[in-house]
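The values are calculated or read from the model by the stated rules, or taken from the named source; none is laboratory data. The structure displayed is predicted, hence computed values, not measured ones. When we count neighbours, we look across all protein chains shown, and the Cβ atoms used for this are built from the backbone with ideal geometry, even at glycine. To get the accessible areas, we keep the full protein, side chains included, count just its heavy atoms, and leave off ligands, DNA and RNA. Shrake-Rupley method; radii C 1.70, N 1.55, O 1.52, S 1.80 Å.
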Amino acid sequence: MKRATTVRRAWTLATTAIVLCGLVTAARPATAAALPYQDPSLPVADRVTDLLARMSLDEKLGQMTQPERALVSAAQITQYRIGSVLSGGGSAPSPNNPTGWADMYDTFQRGAMATPLQIPMIYGIDAVHGNNNVYGATIFPHNIGLGATRDPDLVQRIGVATAEEVRGSGQDWTFAPCVCVARNDRWGRTYESFSENPALVSELTSVITGLQGAPARILATAKHYVGDGGTTGGVDQGNTQLSEADLRAIHLPPFRAAVQRGVGSVMISFSSWNGQKLHGHRYLITDVLKGELGFTGFTVSDWAGIDQIDGQPGFTQAEIATAVNAGLDMIMVPNDWQLFLTRLKSAVQAGQIPLSRVDDANRRILTKKFEYGLFEQPYADRSYASTVGSAAHRALAREAVRKSQVLLKNANNVLPLAKSGGKLFVAGKSADNIGNQAGGWTLSWQGSSGNTVPGTTVLQGIRDAVGSGTTVTYSRDGTGIDSSYRAAIAVVGETPYAEGQGDRTGVMGLDSTDLSTLDRLRAAGVPVVVVLVSGRPLDIAAQVGNWNALLAAWLPGSEGAGVADVLFGDHAPTGKLPMTWMQSASQQPINDGDGKAPLYAYGHGLTYSGTDPDPDPDPDPDPVPSSCKVTYTTNDWNNGFTANVSLTNTGTAAVNPWALTWSYTAGQKVTQAWSARVTQSGTAVTAAGESWNPGLAPGATVTFGFNASHTGTNPRPAAFTLNGSVCA
Ligand code: GLC
């Protein structure tokens, strides 16, 4: 949705168009005596009851209103009794550092504390992978990577660290976690989802316990209620067309888990359920969330979400009444919040919103403010400032990066790479680009490529990992690669995006920049290790056969060294796919159990302990009448060589699976291969297709290569045999 620049434009219009009306009753004595609601020894419920009884209608309506920081002043907070302020993505004070943030927070808070009842405001921010709006904060992996870890304890620890970095910057409420269940990878928010599997998402609501249970506790938000990840076509803010049974089975469980963990707020989804906007859905919000699930916190709308209820721009009094009566407690109305207050009051005075609903909303909001100690400590707790970007938090983030890596392919165990000896080549647009590895919601709403935040890139991690005897050459597009390198690491994938701007309605493959880089590397004939930095599975089936290894790194954040930890074997990969990996974009949506054949199944993930667990091709391929032609070229050096082989099925029948065999007579030993599985037993060598190119149609050619050692001479094999018939 709109962000700071648009927000400012809207404000200019709004202030010129609206005549201020007598919204606020005459001021009361500046400071109230110590009253029951101000007594922390009383039960929260009693404090709320006492405070509510003292509040005017304007004061109650102000508690339900949340403007954006760039469009409200401390004086207006006082005048309009505003109860909350938010930062939209990237909306930051200057200087953008913990002190700048805490100073801004305190300025707004002084506005709130200048009201007669001194009700503190609460400040909301999207700390969705660390406190990502704050420069210097630790940027943790986005949720899709955390889903790959399958580690609720780790995720809870990340919640604790995030709470500290939020408190350390003065804020006290995060609009996180997204407990969305992403069912179509076309969705631009797939990376904000832990998984397509509701049970895994439910498990990882452990982050809420971290956020709200830490000594530096902050209010968490389960979002976006409900079904945001299930829209048709994966369209952001689209329509989730499901039966109630399926909606409940797929999208509700994580909210049930979040409520059971005591989540303090729930953000309502922009999306619709069977054509009805969630922002006006009384049954789902009041009957199901608050009634059936027993949610006692408060709901908050999404960014100007009430504007969408009637499908027309802006909001009407009717829309406000619909939303509040549906169960919306606080309205995120970033721009024209004064118009909102006017219309909200009109709706109440016209009897369109019962006062009991207003009181219920206030009770919910005030309960959280009391529970989180805002009345006792309204101003920024600066004692956590030193945790922002701390070494301990960065170490935790690096652990999360390691554990989120999913090894999808490792032909002939090309990984882990040796740290010492020879030369390594690093390429790809995301190898030396911390902005790409952090993704959206980093410093700005959309995120951006480049050297945006402090941390380590994947390239820096590689350089730090290898021994002094190893040369690491970096070339973004792969220029300069040759066969003298023992391997090439290509770090490719997506550039940052957020929300609908990340929706992919067409192709879902690598961009042309990445493809040409990979072609350049492949032409050199060295083993190619691909590290995919992306917010979702990509359509790579057509290329992966030419890669020796594939590591899904997701959006690792600021600690790219965690990727190198896995590449060089300091930590074996343990990640498992949190999303089913398509064979083709045309399969979307594709999810575990839907009967479609994926490239890699949900839960797939290799490690270094054993060989590739994927089933080997038929060990005894049927003899085929067709014949074949093989070309075999080598690039030799003193004690080793690289071989390139092309195999053509010159027969009239398909050969599936294919297995090419030959023998070496001078002690040659295959060490690593690509584009085929090459195994050796004594002098006998067998090459077979990968799991996605197991067969050869008539006339088809497959090329593959491998590195090998020799003991001084390298005589060519006498013959090549394809499934039992000798090739030309
Ligand atoms: C956005 C997002 C929501 C976020 C909110 C405030 O549009 O949908 O996830 O918390 O606005 O930035």
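Annotations
- Among the numbered conditions (1) closer than 30 Å to residue 262 by Cβ; (2) part of a loop (DSSP other than H, G, I, E, B), the only one that residue 394 does not meet is (2).
- Long-range neighbours under 7 Å by Cβ, at least six apart or interchain, first residue more than 16 Å from residue 290 (Cβ to Cβ) and among the aromatic types (Phe, Trp, Tyr) within segment 254-277, second outside any strand (DSSP E or B) and more than 15 Å from the ligand (Cβ to nearest atom): 273/247; 273/281; 273/284
- Filter pass, residue 220 being small (Gly, Ala, Ser), more than 16 Å from the ligand (Cβ to nearest atom), open to solvent by less than 40 Å² (accessible area, probe 1.4 Å) and assigned by TED's automatic domain parsing to the domain that holds residue 158: no
Rundown of residues vs (1) more than 16 Å from the ligand (Cβ to nearest atom); (2) in contact with a strand residue (DSSP E or B) (Cβ under 8 Å, 6 or more places away or on another chain), yes/no style:
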site: 457; (1), (2): yes, no
site: 486; (1), (2): yes, yes
site: 498; (1), (2): no, no
site: 503; (1), (2): no, no
site: 509; (1), (2): yes, no
site: 525; (1), (2): yes, yes
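- Taking the criterion of being polar (S, T, N, Q), without any contact (Cβ under 8 Å) to a residue 24 or more places away in the chain and part of a strand (DSSP E or B), the residues of segment 680-728 that qualify are 680, 681.
- None of 348, 300 is within 16 Å of the ligand (Cβ to nearest atom) and among the β-branched types (Val, Ile, Thr) except 300.
- Exclusive hit being open to solvent by less than 70 Å² (accessible area, probe 1.4 Å), β-branched (Val, Ile, Thr), under 16 Å from residue 331 (Cβ atoms) and at pLDDT 50 or above, set 72, 48, 7, 44: 72
- Between 344, 339, the distinction of being touching a Leu at 6+ places or on another chain (Cβ under 9 Å), assigned to a helix (DSSP H, G or I) and at negative phi belongs to 344 only.
- Taking (1) within 22 Å of residue 409 (Cα to Cα); (2) assigned to a loop (DSSP other than H, G, I, E, B); (3) among the basic types (Lys, Arg) in turn, residue 476 satisfies each apart from (1).
- Meets criteria (outside any loop (DSSP other than H, G, I, E, B) and either open to solvent by 10 Å² or more (accessible area, probe 1.4 Å) or within 16 Å of the ligand (Cβ to nearest atom) (or both)) for residue 520: yes
- Out of 210, 227, one residue alone is within 16 Å of the ligand (Cβ to nearest atom) and either more than 21 Å from residue 444 (Cα to Cα) or at pLDDT below 95 (or both). It is 227.
- All told, residue 164 falls short of being among the charged types (D, E, K, R), at pLDDT 95 or above and open to solvent by less than 10 Å² (accessible area, probe 1.4 Å).
- Scanning segment 617-664 for residues that are modelled with pLDDT of 80 or more, under 12 Å from residue 723 (Cα atoms) and not hydrophobic (A, V, I, L, M, F, W, C) turns up 649, 661.
- Positions within segment 573-592 being closer than 18 Å to residue 141 by Cα and of a type outside the set (Val, Ile, Thr), in sequence order: 573, 575, 576, 577, 578, 579
- Residue match in segment 246-256 (condition: under 20 Å from residue 126 (Cβ atoms) and basic (Lys, Arg)): no
- Contacts under 6 angstrom Cβ, first residue in segment 296-313 being in the same structural domain as residue 259 (by TED's automatic domain parsing), partner within 12 Å of the ligand (Cβ to nearest atom) and among the small types (Gly, Ala, Ser), 6 or more apart: 297/265; 298/265; 300/265
- Subset tally (residues that are away from the ligand (no atom under 16 Å from the Cβ) and in contact with a strand residue (DSSP E or B) (Cβ under 7 Å, 6 or more places away or on another chain)) for segment 240-270: 2
- Tallying residues that are crowded, with 22+ Cβ neighbours inside 10 Å and in contact with a Lys or Arg (Cβ under 7 Å, 6 or more places away or on another chain) within segment 109-118 yields 1.
- Every residue from segment 312-329 that is farther than 14 Å from residue 278 by Cβ and in a loop (DSSP other than H, G, I, E, B): 312, 313, 314, 315, 316, 329
Yes or no, residue by residue, for (1) farther than 25 Å from residue 109 by Cβ; (2) not basic (Lys, Arg); (3) not in a strand (DSSP E or B):
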position	(1), (2), (3)
331	no, yes, no
334	no, yes, yes
362	no, yes, yes
366	no, yes, yes
379	no, yes, yes
409	yes, no, no
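- Filter result for the condition that a residue is under 22 Å from residue 230 (Cβ atoms), open to solvent by less than 10 Å² (accessible area, probe 1.4 Å) and at pLDDT 95 or above, over 320, 268: 268
- Of the residues making up segment 291-303, just one is open to solvent by 10 Å² or more (accessible area, probe 1.4 Å) and within 22 Å of residue 237 (Cα to Cα), namely 302.
- Once segment 482-493 is narrowed to residues that are touching a residue at least 60 places away in the same chain (Cβ under 8 Å) and in a loop (DSSP other than H, G, I, E, B), the residue that is surrounded by the most Cβ atoms within 10 Å (Cβ to Cβ) is 485.
- Any hit, segment 198-210, residues being β-branched (Val, Ile, Thr), in contact (Cβ under 8 Å) with a residue 60 or more places away in the chain and surrounded by fewer than 22 Cβ atoms within 10 Å (Cβ to Cβ): no
- Among the residues making up segment 692-706, a single one is hydroxyl-bearing (Ser, Thr, Tyr) and closer than 20 Å to residue 412 by Cβ: 703.
- Residue 106 touching a residue at least 40 places away in the same chain (Cβ under 8 Å), open to solvent by 10 Å² or more (accessible area, probe 1.4 Å) and within 28 Å of residue 250 (Cα to Cα): no
- Any hit, segment 380-388, residues being within 21 Å of residue 307 (Cα to Cα), surrounded by 14 or more Cβ atoms within 10 Å (Cβ to Cβ) and among the hydrophobic types (A, V, I, L, M, F, W, C): no
- Against the conditions (1) assigned to a loop (DSSP other than H, G, I, E, B); (2) farther than 30 Å from residue 234 by Cβ; (3) open to solvent by less than 50 Å² (accessible area, probe 1.4 Å), residue 452 satisfies every one except (2).
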